[in-house]
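Remarks on the structure that follows.
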Amino acid sequence: MTDLQVSRPVGVDERVQDLLARMTLEEKLAQIVGFWEKSDGEAVAPLQGEFTREQTLDDASRHGLGHLTRVYGTRPVDPAARARWLWSFQRRLVRETRLGIPALVHEECLTGLSAWRAATFPTPLAWGASFDPELVTRMGEVIGSSMRQLGVHQGLAPVLDVIRDPRWGRVDECISEDPYLVGTLGTSYVRGLQSTGVHATLKHFVGYSASQSGRNFGPVHAGPREIADVLLPPFEMAIRDGEVRSVMSAYVEIDGVPVAADPTILTDLLRGTYGFDGTVVADYFGVAFLHLLHDVAPDLGDAAGQALAAGVDIELPTGDAYLEPLAAAIRAGTVDEALVDRAVTRALRQKAELGLLDATFDDEPPTDVELDSTEHRQIAARLAEESVVLLTNDGTLPLRPGLRVAVIGPNADRPEAMFGCYSFVNHVLPHHPEVGVGIDVPTLRQALAAELTGSTVVSARGCAVDDDDRSGFADAVRVATEADVAVLVVGDHAGLFGRGTVGEGCDRDDLELPGVQRALVEAVLETGTPVVLVMLTGRPYAVGWAVERCAAVVQSFFPGEEGGPALAGILSGRVNPSGRLPISLPRSAGAQPFTYLHPTLGGDGDVTNLSTKPVLPFGHGLSYTTFTHSDLTVEPTATTDGPLVVTVRVTNTGERGGDDVVQLYGRDVVASVTRPVAQLLGYQRVHLERGQTAVVELVVPAARLAFTDRSGERVVEPGDLDLWVGPSCAERETQARVTLTGDVHRVTPADGRWTGTVVR
């Protein structure tokens, strides 16, 4: 299905074509660029300082304007006051420009609306740990409602990059190393956000996370089969099933061709194969980077022409290439104006969908703006609780009442430790140190002091996140020695471009805890006091030594504004942990890149002396109760073009209620190309009280079994398929084999990608 075949309200195409026919070249170009009002020192995007184009908003919008960039998210502003400004500006566009078209307002919304005083939810890696698409949908709904209230039309989220190397700084923005988990949760977010009338934007199409050595912007050397079978499925799911309205092109090059200049990806695949009919926006400055970084364009005008020809409709965040340089190239005859017309048509269609072509802004802007309501915080709390992963526990957790608890570590009493790099707190506020956080963020020390009534809580910092100062070790050792148990809170500080230990442009060449944190942990362990290690991070670290030596280890991927109380609830036992690892816990940086989706020769064996086995596998996570899985049932044969219907019995065999994540894995025993030794085919979060049993039915469509064959087609082949359910990808607690019969099935859109689930 092409972009011209989609069903639209009667008259939209005619109206868009009428507007296009009346536009001057300057008016056309104005509709396919953004404007970003920013000041010196507000560098919140890569290489922002390379662009010195001086222009006021009034000058930039005299012919109209396509996008307003980050109206609320560039600096701390009062939301109601900024809304008044925005409504006034939009009225001016409607009343004083020749065509009267308002601007489309976009904002970052990866962990909530990235604005001062707005609710900040767990980072996407925590979504992955929750295995809870319904809750992610609810989160998307409340985020979208906040954005819509403020006159925001498009959100630059979710990130659907499949994690390929934990050394990459942007891991904290990603959901998982598994494409199916990424796709289901990402599509859930899209559905939630778009249900409120705000367009979601898929990032980053495609290949960004497969960069060389886990380095930001690094070249991508992935083969076509890895791209098709691992990196693309989440995007296809969100396009076909989520009906997403916007896609962002990736910065990277694949096999020497920058994505932003590749029509085989942005047009043939995205629009032709997937049927996407929305707008493609450039990642910030990505068009100019074709000239400045990729060296495939001699100047900005040529870069603009290449990007337009490839299928990039909108240049963000500003018009560095799509304004004067593109106009000059068109007048010189080196770029066809028809490419501009195509992009403008798509931009105007999007504005029509959003109601902007009829908007007058004669209504009053909101005056009572609540961006961090009780509902926001309830969803944030539940998602934080569900995402905490208990990695190991010798019985020290939950903590007994009446203990003397030492809370130690650089992240024990730091609100910023709860948030990822695209949170407003860590993305923008570092440029405004005089401004407060704007939302209530209990630290883990504060939350534990409130949670552990009847216990004594003492604290010591020990060290910073990322320096070599050990002067605080002695105090940490002292309070640990005097305590019954030490809760040691370590991890990351999220930032951008070298200003953090994780985040965009904060890549690593090792996977040790940053700074001297490992030395702090070892010093506290030497006291003999039981140590509960709590990791607040944006990536998994190589902490096998800690898993072996600590009484308990808790992993929390930046859990958001309610992360402190959520973690305190886990440690006290008020909350039963139920998170599962969305990414393997690595053995070492030298064993990377690693994914559980590896073929036989990607794992351990006699052909090498080096082990690739992770410290803990994908899907691992402990509970304060126990679950058993039994009676995996599937028909012994099925056709290659039909779904598999699988049932499994799950029982809570422990002493308290809790949530289990039922995980169904499969392996193609013999195929025409090498296949992973395990692949997630379905999952379901189930709550069971003590002694309760449920039967979970998982429906696996043919597309979940498909892979790219030697000819480049996605197929399901006949043959044997092993299925199993267990507490992780590595353990077959109950299993069965099914034989697929019939001809080789070539997968079509009708095969679907979602797993249907029934719990009874």
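Some values worked out for this structure:
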quantity	calculated
Boolean, Tyr322 is of a type in the set (Ser, Thr, Tyr), in a loop (DSSP other than H, G, I, E, B) and within 27 Å of Thr111 (Cα to Cα)	no
Matching residues, region 258-268, being out of contact with any His (no Cβ under 7 Å at 6 or more places or on another chain) and either in contact (Cβ under 8 Å) with a residue 24 or more places away in the chain or not assigned by TED's automatic domain parsing to the domain that holds Ala157 (or both)	Val259, Ala260, Ala261, Asp262, Pro263, Ile265, Leu266, Thr267
Region 175-202 - residue that is part of a helix (DSSP H, G or I) and among the β-branched types (Val, Ile, Thr) and, of those, surrounded by the fewest Cβ atoms within 10 Å (Cβ to Cβ)	Thr184
Residue pairs meeting the criteria (Cβ under 9 Å; at least 6 apart or on separate chains; first in the same structural domain as Asp466 (by TED's automatic domain parsing), in region 512-525; second of a type in the set (Phe, Trp, Tyr) and surrounded by 23 or more Cβ atoms within 10 Å (Cβ to Cβ))	Glu512/Tyr541; Leu513/Tyr541; Pro514/Tyr541
Residue satisfying condition, being touching a Cys at 6+ places or on another chain (Cβ under 7 Å) and not small (Gly, Ala, Ser), within set Pro433, Pro410, Pro398	Pro410
Hey, Val190 assigned by TED's automatic domain parsing to the domain that holds Met147, under 17 Å from Ile239 (Cβ atoms) and under 12 Å from the mean Cα position of the chain (by Cα) or not	yes
Ala343 vs. criteria in a loop (DSSP other than H, G, I, E, B), touching an Asp or Glu at 6+ places or on another chain (Cβ under 9 Å) and either β-branched (Val, Ile, Thr) or not assigned by TED's automatic domain parsing to the domain that holds Arg656 (or both)	no
Scope region 624-640; condition touching a Lys or Arg at 6+ places or on another chain (Cβ under 9 Å) and either over 30 Å from Gly395 (Cβ atoms) or not β-branched (Val, Ile, Thr) (or both); matching residues	Tyr624, His629, Ser630, Asp631, Leu632, Thr633, Val634, Pro636
Residues within region 634-653 that are hydroxyl-bearing (Ser, Thr, Tyr) and not in a strand (DSSP E or B), tallied	2
Condition check for Ile570: crowded, with 24+ Cβ neighbours inside 10 Å, β-branched (Val, Ile, Thr), part of a loop (DSSP other than H, G, I, E, B) and assigned by TED's automatic domain parsing to the domain that holds Phe424	no
Filtered residues of region 94-133 (kept if under 16 Å from the mean Cα position of the chain (by Cα) and part of a helix (DSSP H, G or I))	Pro124, Leu125, Ala126, Trp127, Gly128, Ala129, Ser130, Pro133
Verdict on Ala307 being among the small types (Gly, Ala, Ser), modelled with pLDDT of 95 or more, closer than 17 Å to Phe35 by Cα and buried (at least 19 other Cβ atoms within 10 Å of the Cβ)	no
Pair list, Cβ under 7 Å, 6 or more apart: region 280-291 residue crowded, with 24+ Cβ neighbours inside 10 Å, other residue of a type in the set (Phe, Trp, Tyr)	Asp283/Tyr251; Gly286/Tyr251; Val287/Tyr322; Phe289/Tyr251
Search result, residues across region 61-91 that are farther than 12 Å from Leu150 by Cα, surrounded by fewer than 22 Cβ atoms within 10 Å (Cβ to Cβ) and small (Gly, Ala, Ser)	Ser61, Gly64, Ser88
Candidate set from region 355-379 (those that are touching a strand residue (DSSP E or B) at 6+ places or on another chain (Cβ under 9 Å) and in a helix (DSSP H, G or I)); member that is nearest to Gly560 (Cα to Cα)	His376
Yes/no for Gln446 being of a type in the set (S, T, N, Q), outside the structural domain of Thr481 (by TED's automatic domain parsing) and part of a helix (DSSP H, G or I)	no
Number of positions in region 596-633 that are over 31 Å from the mean Cα position of the chain (by Cα) and part of a loop (DSSP other than H, G, I, E, B)	6
Qualifying residue in region 152-166 (condition: assigned to a helix (DSSP H, G or I) and closer than 29 Å to Val543 by Cβ)	no
Selected residue (criterion: nearest to the chain's Cα centre (by Cα)) from residues of region 393-414 that are outside any loop (DSSP other than H, G, I, E, B) and surrounded by fewer than 19 Cβ atoms within 10 Å (Cβ to Cβ)	Asn393
Conditions (1) outside the structural domain of Val521 (by TED's automatic domain parsing); (2) in a loop (DSSP other than H, G, I, E, B); number of the one not met by Arg382	(2)
Residue that is nearest to Ile570 (Cα to Cα), among those in region 474-498 that are surrounded by fewer than 19 Cβ atoms within 10 Å (Cβ to Cβ) and in contact (Cβ under 8 Å) with a residue 12 or more places away in the chain	Asp484
Hey, Gly454 modelled with pLDDT of 95 or more and over 12 Å from Val407 (Cα atoms) or not	no
Residue count, region 335-391 (criterion: among the β-branched types (Val, Ile, Thr) and within 23 Å of Arg84 (Cβ to Cβ))	3
Filter result for Arg587 (basic (Lys, Arg), modelled with pLDDT of 95 or more and in the same structural domain as Pro442 (by TED's automatic domain parsing))	no
Count of residues meeting criterion [of a type in the set (Val, Ile, Thr) and within 29 Å of Gly500 (Cα to Cα)] in region 213-272	6
Residues located in region 702-714, provided they are crowded, with 22+ Cβ neighbours inside 10 Å and either without any contact (Cβ under 8 Å) to a residue 40 or more places away in the chain or touching a Leu at 6+ places or on another chain (Cβ under 9 Å) (or both)	Ala702, Arg704, Leu705
Selection from region 57-101 of residues that are over 16 Å from Lys38 (Cα atoms) and among the aromatic types (Phe, Trp, Tyr)	Trp87, Phe89
Of all residues making up region 528-543, the number that are outside any strand (DSSP E or B) and aliphatic (A, V, I, L, M)	2
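For (1) assigned to a strand (DSSP E or B); (2) farther than 28 Å from Gly602 by Cβ; (3) modelled with pLDDT of 95 or more, each residue gets a yes or a no:
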position: Asp660; (1), (2), (3): yes, yes, yes
position: Gln663; (1), (2), (3): yes, no, yes
position: Thr674; (1), (2), (3): no, no, yes
position: Tyr683; (1), (2), (3): yes, no, yes
position: Gly691; (1), (2), (3): no, yes, yes
position: Glu697; (1), (2), (3): yes, yes, yes
position: Arg704; (1), (2), (3): no, no, no
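The values are calculated or read from the model by the stated rules, or taken from the named source; none is laboratory data. Just so we're clear, the structure is a prediction, and the values are computed from it rather than from any experiment. Because the Cβ atoms are built from the backbone with ideal geometry, glycine has one as well, and the counts that use them run over all protein chains shown.
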